[in-house]
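The values are calculated or read from the model by the stated rules, or taken from the named source; none is laboratory data. Note that the structure is predicted; figures quoted are calculated from it, not measured. All Cβ positions, even for glycine, are placed from backbone atoms using ideal geometry, and neighbour counts span all protein chains on display.
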Amino acid sequence: MTPTTPQELAGSLRAAAEKKQTIGLRGASTKRRMAAAGREPAIAISTTSLNQILQYEPKDLTISVQAGLRWADLRALLAANRQMIPLDPPYAQQATVGGVVAANTSGPRRRWFGTARDLVIGMTFIPIDGLAVQTGGMVVKNVAGLDMGKLLIGSMGTLAAIASVNFKLAPLPEATRTFVFSDRNPEPVFARRDEILKSVLQPSSLDLVNPAAAAKIGIDGWSLLVRAGGSQRVLDRYSRELPAAQVCEGPAESKLWESIEEFTPSYLAEFPAARVVRVSSTLREVRAVAGTLPGPVVSRAGNGVTYGYLPPETRWSPPAEWQACYEYGGGDDAWLNSGDDLPLMRRVKQMLDPDGLLNPGRYYGRF
Amino acid sequence: MIPADAKRKLTEIAGNAFLDRPEDMRLYEYDGGVDKALPEIVLFPETAAQIAAILRVALDHRIPLLGRGAGTGLSGGAIPCRGGIVVSFARMNRILEIDLDNERAVVEPGVVNLDLTLAVQGRKYFFAPDPSSQRACTIGGNVAENAGGPHTLAYGVTTNHVLGLEAVLPDGAIVHTGGMGQDHPGLDLTGLLTGSEGTMALITKVTVRLMRQPEAVKTILAIYDTVDDCANTVSEITARAITPAAVEMLDGVMLRMVEEATHAGYPMDAAAVLLIELEGLQEAVEEQVEQVRDACAACHAREFRIARHAQERELLWKGRKNAFGAIGRVSPFYYVQDGVVPRTQIAPTLRAIGGIGSRCGLTISNIFHAGDGNMHPIILFDARKPGDLKKAQRAGEDILDHCISVGGSITGEHGIGMEKVELMRHLYSEESLEMMRRLKSLFDPDGMLNPGKLLPTGKGCTEIRQLPLVNEKTML
């Protein structure tokens, strides 16, 4: 089913709920295996025909769009006004806004700009009872009522269907420049990261890759990728502060970052049965995490979020003390060690979807 | 009334750290807002375990309970409007951990906001949320209300800086949400609890993000002969892709009150001023100063002053942050509102506020976070005159209705509290409110925590909704 209005979307949900049919909520279906593939639903509802721009006043630096709008189209529209939502999600060409938000995908610029939880200012979502719920609004600062949107971000479509999303926007930087530090050993690269973290520099991205990942994106050895934005004068300051780096600008820079942002899609295209581990750690622990993971490693080294790529034949699994999950390929054990708040999460799920009909099993196999 | 045996248990749990004399209760009947109600007892626990035990007693005896930080809130969030127990976090005020390598701190809820920044500023870090009350307000209160401040324009509000919580649920269960790291799998309960105004859980520990201080800071005072020109500068700055750290606006009435009280150097004869702060790398700040200068000139600023040194800068901010105190010199009572409008709507909204003031015969002054459209009209009144408070509250409601009509919100940072409970219906559909009620009830099925706040009572049903207990196993 591909409803063309929020009312039709609500109607489809309600109809399926009455028949107790399991429902697969879909955007562009780019991340079908993310978190957990889940069980095959009885019916699929796609938001791809809900693709309108609802409100956009560039001078307010906000936009409201329907969930089925393609991320690439949204990005192009904003770029025409020299604005952006700096989320850099994977599958950027095909993914929908709703899918990006429901999966809480993000990319390298989260170091400075944050993730969907920082950039989404409002949302309309439709639970399985078909009654649309509005949360937040169209202003950048708003504490009226519970921030329910936070629950939907990253919920993998297991709580409700996202019908529309409101974002705050940022101006596009005048220019960007990327500095790449590479070494055969990880220590000098991590030392450089630590220096930058403690410095006055404010890079938008601070990613670190191991040699196996570097080889896939056309660089060598352990590498730190630092991206700065601003005027030529500002970028020249970065050049002075970051000597001994390979400088990357223009089309080569765009290509480099695209290969980082699309690392997961490319890897899974090459090895469809691969597992992708996502590790949440402190900044300091990134060193140990990156050194332990077999296979390619891409780390948001300024956030402590590290992605490890495990080829299909690898039997390795993460140490029990890590805060980790299988972002891809994990099945029902995808979330390795949940905390004492899991019962509360289950109660939220139970409240919104008592019969467990929405995207069954897709929440890391837990619901 | 709290039964005697319950009271005995409570005081025992609190290790005799409690107050219950009527004269002491007077100190806990108010916060920074206009409402008042007396608690029956104030407890001063020091641990989450004590709080859990207190909650279990309260639940057994159905005694309403609420947490209290410094009581600086402006929407009545800390008013015990149904009496009962106030749990003060005054003795849970330790900074437990500072880990600058990881840009994190773990604090107890009673830590004063500014004290965290003071603890790390020598090493060039800071805690970004900076409410004007930051010298007194607590981080627990900031989390409960999702507090903002002038610099949230650049750095985001409290929720953007909270990574994990330890919380005690009304049944005494202690849960941990989020953590030191980011992107833990799991629904974002940290984000849901932040800003829930103490209605779902009591927060006993907060993991926050610390940020590296910027290299350079420039503070600018732009002076205008008309309010419209001043207001229009805000969207002009946005249109020019400049991203200041703070853009504060003071209108003429406010300026004169602030200047008389603080001698910060604000012009006495202007119609309005903008206080603009730029932060970042030296080069970026220098360029932005020129870009802001152009934007101000395009909007006919009469004068453009850059603070010459730290002292001048601090004086300007002192004027801004102590503005509410300055009002006392002019008006015995005032009522601060907190609405938000899209940035392009600031000028028309200020005109609407002026109109509302004239209609009700009250002076309304404005000092607010213009950069994010967060209006703070200050309604001057005299509570000794019969009907004046009602008039002021009515004017506040009219202003908020205007904010809603132009696509805004009824609170940007002060919270709904008890002040705006009924206005929630103007902003949200019944379905949206019902969803909030259901979520609240999931955490607090008996409606024990901070009753009468945040959510209007449902149509035809009581606020308290008993939900069937969920068998966790059925979810697998």
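Quick notes on this one:
- Any helices (runs of 4 or more DSSP H) falling wholly within region B:7-124 and containing at least 1 residues that are touching a helix residue (DSSP H, G or I) at 6+ places or on another chain (Cβ under 8 Å) and hydrophobic (A, V, I, L, M, F, W, C): B:48-60, B:113-120
- Test: residue in region B:270-292 that is closer than 27 Å to B:PRO377 by Cα, among the charged types (D, E, K, R) and surrounded by fewer than 20 Cβ atoms within 10 Å (Cβ to Cβ): no
- Residue list for region A:110-128, restricted to those being under 11 Å from the mean Cα position of the chain (by Cα) and in contact (Cβ under 8 Å) with a residue 12 or more places away in the chain: A:ARG110, A:THR115, A:ALA116, A:ARG117
- Filter pass, B:ARG343 being within 14 Å of another protein chain (Cβ to nearest Cβ) and within 24 Å of the chain's Cα centre (by Cα): yes
- Of residues in region B:211-226 being part of a strand (DSSP E or B) and of a type in the set (Val, Ile, Thr), the one nearest to the other protein chains (Cβ to nearest Cβ): B:VAL217
- Search result, residues across region A:96-105 that are closer than 14 Å to A:ALA72 by Cα and polar (S, T, N, Q): A:THR96
- Filter result (closer than 19 Å to B:GLY408 by Cβ and in contact (Cβ under 8 Å) with a residue 24 or more places away in the chain) within region A:47-77: A:LEU54, A:GLN55, A:PRO58, A:ASP60, A:LEU61, A:THR62, A:ILE63, A:SER64
- For region B:330-355, a residue qualifies if it is part of a loop (DSSP other than H, G, I, E, B), out of contact with any Asp or Glu (no Cβ under 6 Å at 6 or more places or on another chain) and over 16 Å from B:ILE379 (Cβ atoms), and exactly one does: B:VAL341.
- Considered as a group, the residues in region B:356-377 that are part of a helix (DSSP H, G or I) and farther than 18 Å from B:ASP229 by Cα include one that is nearest to the other protein chains (Cβ to nearest Cβ), and that residue is B:ILE356.
- Restricting region B:397-429 to residues that are without any contact (Cβ under 8 Å) to a residue 24 or more places away in the chain, facing chain A (nearest Cβ under 9 Å) and not aliphatic (A, V, I, L, M), the residue that is surrounded by the most Cβ atoms within 10 Å (Cβ to Cβ) is B:TYR428.
- Hits in region A:226-255 - residues which are among the charged types (D, E, K, R) and within 25 Å of the chain's Cα centre (by Cα): A:ARG227, A:GLU249, A:GLU253, A:LYS255
- On inspection, B:GLU248 fails the criterion of being without any contact (Cβ under 8 Å) to a residue 12 or more places away in the chain and either surrounded by 18 or more Cβ atoms within 10 Å (Cβ to Cβ) or assigned by TED's automatic domain parsing to the domain that holds B:THR344 (or both).
- Search result, residues across region A:335-367 that are at the interface with chain B (Cβ under 7 Å from one of its Cβ atoms) and polar (S, T, N, Q): A:SER338, A:GLN350
- Residue list for region B:132-155, filter: within 13 Å of chain A (Cβ to nearest Cβ) and within 23 Å of B:MET200 (Cα to Cα): B:GLY141, B:ASN142, B:VAL143, B:ALA144, B:GLU145, B:ASN146, B:ALA147, B:GLY148
- Counting only residues that are more than 14 Å from chain A (Cβ to nearest Cβ) and surrounded by 23 or more Cβ atoms within 10 Å (Cβ to Cβ), region B:85-109 holds 9 of them.
- Condition check for B:THR204: facing chain A (nearest Cβ under 7 Å), buried (at least 21 other Cβ atoms within 10 Å of the Cβ) and not in a loop (DSSP other than H, G, I, E, B): no
- For region A:49-75, filtered to residues that are of a type in the set (D, E, K, R) and within 14 Å of chain B (Cβ to nearest Cβ), the residue that is surrounded by the most Cβ atoms within 10 Å (Cβ to Cβ) is A:ASP60.
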